[in-house]
Amino acid sequence: MVLTSLGHPLDPDRFGLLRASDDIRHDLSALRERLADDGYLYIPGFFDPELVLAGRRAIFSQLAANGELDPGSDPMEGRVAPVQAQAFALDAAPTFKAADGTVRNPDKVGAFRPEMAAESDEIKRIVFGPELEAFYQGLFGEDCRHLDFIWARLMGPGHGTPVHCDQVYMGRGSAELMTCWIPYVDIPLEVGGLILLEDSHRRQDQLATYLARDVDAYCTNRPDEVKRVVEDGGWSFPGWLSKRPDRMPATYGGRWLTVPRWRPGDLLTFPMSLVHASLDNQSDRVRFSTDTRYQPAAHPADPRWIGATPPGHSRAGKLGRVC
Ligand SMILES: O=C(O)CCC(=O)C(=O)O
Ligand SMILES: [Fe+2]
């Protein structure tokens, strides 16, 4: 199988595996050292898998009720409904043929579904529960808090997430903010899990201009930006570092790192400045994951992502400055 990201084949010689830290998960100084060395912590089996499967059940049963899953399959498998090939434009998104020859609709299950997670007690139990609170409290060595927004992704067959750092989307608060990525389904390589660019935490100089940006910030003295951001409610730039994941290792060094199979219960955490993306989903199953954020409680929190109904990238989240 050729692994692709945004349709571009990734060089197998520039591809490797994440280092697991489950053996040191209770050793705080070893964890901190590992985070500083590697730029991430991957802890397989962090959660009780049953807890995570309950989250999957809650979301997939809703998808099934909405008619978004293959009606002939078990909703827990997250299989996307087969459709006629002519029902969508072949050049708009890649299509994937299932073993039985049916073509699956790459757009049937939309990628970003935060509202489903916001309304799910099962998901909130996981991402705002005692396990992660204790973990980050230990890691920070002080009380922690989470951002309130839950980034929930239901990635159907098709392209993954372009290359980016989270800083440009949520960088107005603590410099110690950490992302926590959680898989709710088995994700072998063809289902398209997260990929991290090795040693990109050591490339901060090269990334400095990009990391200083903010998708919701605009220049008050640039009429085109004022129109795009304030009047139209858009972003000053899309936030991507690149739409060519295949070129990143040559540009920044390092390899793309992932695991052969993510499992419900695993956890991956990394800071705002680590370069990441995801593999394309070449299967007929939905790749369901959440990403949520944690920081020292005493630090300022990005106002876009906190409160009962976080404003997010809406007009309330826009920030004008003279450039
Ligand atoms: O799951 C994905 O495809 C992207 C996740 C991500 O960008 C993140 O966890 O910050
Ligand atoms: Fe991200």
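Every read-out reported here was derived from the displayed coordinates using simple, explicitly stated rules and does not represent laboratory data. The shown structure was predicted, so the numbers you read here are calculated from the model rather than taken from an experiment. Positions of Cβ are generated from backbone atoms using ideal geometry, with glycine treated the same way; all protein chains shown enter the neighbour counts.
Of all beta bridges DSSP finds with both residues in the chain, what is the antiparallel percent, to the nearest 5?
85 percent
Please list the non-local residues whose amide H lies under 5 Å from the amide H of residue 218, H modeled 1.01 Å from N, same-chain partners needing a gap of 5 or more.
319, 320, 321
Ranked from highest to lowest mean number of other Cβ atoms within 10 Å per residue, what is the order of the peptides 114-121, 301-308?
Peptide ranking by packing, descending: 301-308, 114-121.
Every cysteine in the chain with no other Cys Cβ under 4.7 Å from its Cβ, please list them in numeric order.
Isolated Cys, the chain: 144, 165, 180.
At residue 20 and residue 251, where each label point lies 7 Å from the Cα along Cα→Cβ, what is the point-to-point distance in nanometres?
Here the modelled spin labels are 3.3 nm apart.
If Lys and Arg each add +1 and Asp and Glu each add -1, what is the summed charge of the other residues whose beta carbon sits under 13 Å from the beta carbon of residue 140?
Once all neighbours under 13 Å are counted, the net charge is -1.
Using the Karplus curve 6.51 cos²θ - 1.76 cosθ + 1.60 with θ = phi - 60°, work out ³J(HN,Hα) for each residue of the range 155-162 in order, rounded to whole Hz, and write x for Gly and Pro.
The phi angles translate into 8, x, x, x, 5, x, 8, x Hz.
Among 267, 200, 295, which residue has its Cα furthest toward the positive end of the charge dipole of the chain, with +1 on Lys/Arg Cβ and -1 on Asp/Glu Cβ?
200
Quick one: which residues, 5 or more positions from residue 16 or on another chain, have an amide H under 5 Å from its amide H? H modelled 1.01 Å from N in the peptide plane, none for Pro or chain starts.
HN-HN under 5 Å from residue 16: 256, 257, 258.
With springs only between Cα atoms under 10 Å, which of 196, 241, 279 fluctuates most in a Gaussian network model of the chain?
241
Any idea what the dipole of the chain comes to, in debye rounded to 20, about its Cα centre with Lys/Arg Cβ at +1 and Asp/Glu Cβ at -1?
Charge dipole of the chain: 780 debye, to the nearest 20.
Amide H of residue 151: which non-local residues (sequence gap of 5 or more, or other chain) have their own amide H closer than 5 Å, using H built in the peptide plane?
291
When the convex hull of the Cα atoms of the chain is projected onto a plane and the area is averaged over all directions, what value comes out in nm²?
17.0 nm²
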